[in-house]
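The values are calculated or read from the model by the stated rules, or taken from the named source; none is laboratory data. Note that the structure is a prediction, hence the values are computed from the model and not measured. Glycine also receives a Cβ, built like all others from the backbone with ideal geometry; neighbour counts cover every protein chain displayed.
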Amino acid sequence: MIRLSRRQCLAALATAVAGRGQTVLPEKEPEPEDYACPMDRDFRSSKPGVCPRCGMKLVLKLPESVEYRLEVTHEPPVLMPGQPAVLTFRALHPTTGKPASRFLIVHEKLMHLFVVSENLEVFMHVHPVAQPDGSFQLPIRFPNGGIYRMLADFYPEGSTPQLALETVFVKGSSPATHLEPALAPFKAENMTARLRLDPEAPLAGFETKMFFDLDPCERLEPYLGAWGHMLAASSDLIDMLHMHPFLADPAKGTMQFNAIFPRAGLYRVWTQFQRDGVVNTIVFTVPVKAL
């Protein structure tokens, strides 16, 4: 007995029917399921899993990205340096204006908040606490007066991860700082970091590869679900970038971030790595040139 394959059977059927003036289309192969990382949207897979860059769970048929607005209120109404205050955050839907009430976890937290002072000397990576009404609250003391720029990272249920900027004003002013390029090895709590740039002179609008060599590299650990967290802020606080390693080799102590600095100027870059249970905050100041 001769057995025909499924493909041969379909071909024979198509020939037989074509003889009667009809056309049979070949059976369409099923398309692979489209899984994507909600944070690194360019990473896609045909299978479920987690993103190799940031560790987030891949999502099937990720919805289109929309930008929520971040509303910030505070008590007391006038913020004073050194005095306790409470910030309240609400994520407002871009079309309805209604506050989101349910959120998904992003790197082990429901909300990450980066706070930077206008002189770029104060840096905080903190986590406001979710409230029953869907808002978030953060007790805080601002060390100095002046402008503080805040970048919130959150993930409303049914949408996509968000990065939203806001500003608060604290009465008084911050000590003046003269910002200059700073690329020398940086000694943090229990490691020293060296930074290599490719190209050596970053250009605005083009990708810059940033390689961090960490010493010692023994007992490096993920921090909040990733091998590192980076925040880059322009000297005028207009642009703020939040990134995770594009490639990580903890055994060698090498972490690669890929950044596109939008404008020429100086950027203060804070990067956090965890080693032996200690979070190290590494600080560099990167000059970026115009093309």
Worksheet item: Cβ-Cβ below 8 Å, separation at least six or inter-chain, first residue in the range 39-51 and not assigned by TED's automatic domain parsing to the domain that holds Thr160, second modelled with pLDDT under 80 and loosely packed, with under 11 Cβ neighbours inside 10 Å: which pairs?
Response: Ser46/Pro32; Pro48/Leu60
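Scan the range 146-166 for residues that are free of Cβ contacts under 8 Å to residues at least 60 places away in the same chain and either crowded, with 17+ Cβ neighbours inside 10 Å or outside the structural domain of His93 (by TED's automatic domain parsing) (or both) and report the count.
Step one: list which residues in the range 146-166 are free of Cβ contacts under 8 Å to residues at least 60 places away in the same chain, which gives 146, 148, 157.
Add one more test, that the residue is either crowded, with 17+ Cβ neighbours inside 10 Å or outside the structural domain of His93 (by TED's automatic domain parsing) (or both), and what stays is 146, 148.
So the answer is 2.
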Discussion item. Out of the residues in the range 253-268 meeting the condition of being within 16 Å of Ser235 (Cβ to Cβ) and assigned to a strand (DSSP E or B), tell me which one is nearest to the chain's Cα centre (by Cα).
Written reply: Ala259
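Results for (1) part of a strand (DSSP E or B); (2) in contact with a strand residue (DSSP E or B) (Cβ under 9 Å, 6 or more places away or on another chain), shown as yes or no for each residue.
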| residue | (1), (2) |
| --- | --- |
| Leu120 | no, yes |
| Pro132 | no, no |
| Leu138 | yes, yes |
| Thr160 | no, yes |
| Leu163 | yes, yes |
Discussion item. Taking the condition of being under 16 Å from Arg194 (Cα atoms), under 15 Å from the mean Cα position of the chain (by Cα) and not in a strand (DSSP E or B), how many residues in the range 228-252 meet it?
Written reply: 2
Fill in: Output for the range 50-64, where each listed residue is surrounded by 11 or more Cβ atoms within 10 Å (Cβ to Cβ) and either assigned to a loop (DSSP other than H, G, I, E, B) or modelled with pLDDT of 80 or more (or both)
Val50, Cys51, Pro52, Arg53, Cys54, Gly55, Met56, Leu58, Leu62
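Considering each residue of the range 33-49, count those that are part of a loop (DSSP other than H, G, I, E, B) and either of a type in the set (A, V, I, L, M, F, W, C) or more than 13 Å from Thr160 (Cβ to Cβ) (or both), and give that number. Full working, then the answer.
At the first step, the residues of the range 33-49 found to be part of a loop (DSSP other than H, G, I, E, B) are 33-34, 37-43, 46-49.
Remaining after also requiring either of a type in the set (A, V, I, L, M, F, W, C) or more than 13 Å from Thr160 (Cβ to Cβ) (or both): 33-34, 37, 39, 42-43, 46-49.
Total meeting the criteria: 10.
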Worksheet item: Looking at the range 31-43, is at least one residue in contact with a Ser or Thr (Cβ under 9 Å, 6 or more places away or on another chain), of a type in the set (Gly, Ala, Ser) and at pLDDT 70 or above?
Response: yes
Item to complete: Residues being assigned to a loop (DSSP other than H, G, I, E, B) and either in the same structural domain as Val129 (by TED's automatic domain parsing) or under 26 Å from Leu220 (Cβ atoms) (or both): count how many of those fall in the range 187-199.
Response: 4
Fill in: Residue check for Ala184: part of a loop (DSSP other than H, G, I, E, B), at pLDDT 95 or above and aliphatic (A, V, I, L, M)
yes
Worksheet entry | Subset of the range 260-284 (residues that are hydrophobic (A, V, I, L, M, F, W, C) and either in contact with a helix residue (DSSP H, G or I) (Cβ under 9 Å, 6 or more places away or on another chain) or surrounded by fewer than 21 Cβ atoms within 10 Å (Cβ to Cβ) (or both)) | Ile260, Ala264, Leu266, Trp270, Val278, Val279, Val283
